[in-house]
Amino acid sequence: MAGGALRARAAAVAALAVFLGHLYPVFHRFKGGKGVATAAGAILGLDWRLGLGTIATWLVLLAFFRYSSLSSLVSAIFAAAFAPLFFGFGPQSLCVLAIAALLVWRHRENIRRLVRGEESRVGEKASPPPDPSAASR
C-alpha cells in the first residue's frame, strides 16, 4: 500500500473513531454526545473544502428554516454525496457515508417530529409545562 493510500485510510479510520466516540460517549453510558459538531470537525479534517461546504450548508439552512436537526441531516447527506468528488470511492468517502448514515439514524426521532410539524425551531421559546392544577378545575 502506497504512503498516500495508507494516510488516507488512517485519516478515515481516525475520523470515524473520533466521531463514534462522541456519538456514543462511554462516560454518558453511550447516550447523548455531540455527533453533528464532531462530524463537521472530522469532515473538515479529511478535506477543508468539503468541511467548509458542509458547515456553510448547515449555516444557510439554519438561517432559512431555523431547524437545527434539518440543517444537520441535509448537511450530512450533502457531505456524503459530494465526498466522492474529493476522494473518489475510497476509504474517506466510505467514512463520510458512514458518518452521514449514523447521523440520520441518531436523528430518527427528530425526523418524526419534523414530519409531524412538532420539531422546535432555533430561537423559539419552549412551551411551558402543563399546569397540573388545571386538570382538577
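Derivation of every value follows stated rules applied to the coordinates shown; laboratory data play no part. For clarity, every value in this text was computed on a predicted model and none was experimentally measured. Backbone-built Cβ (ideal geometry, glycine too); neighbour counts: all protein chains shown.
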(request) Tally the residues that are of a type in the set (A, V, I, L, M, F, W, C) and in contact with a His (Cβ under 7 Å, 6 or more places away or on another chain), restricting the search to segment 39-69. (result) 0
(message) I'm trying to understand the selection: among the residues of segment 1-54, which are small (Gly, Ala, Ser), surrounded by fewer than 16 Cβ atoms within 10 Å (Cβ to Cβ) and on the phi > 0 side of the Ramachandran plot?
(response) Gly32
(request) Report, by residue number, each residue of segment 106-119 that is within 22 Å of Ile43 (Cα to Cα) and assigned to a helix (DSSP H, G or I). (result) Arg106, Arg108
(request) Determine, yes or no, whether Leu59 is out of contact with any strand residue (DSSP E or B) (no Cβ under 6 Å at 6 or more places or on another chain), exposed (fewer than 13 other Cβ atoms within 10 Å of the Cβ) and over 17 Å from Ala101 (Cα atoms). (result) yes
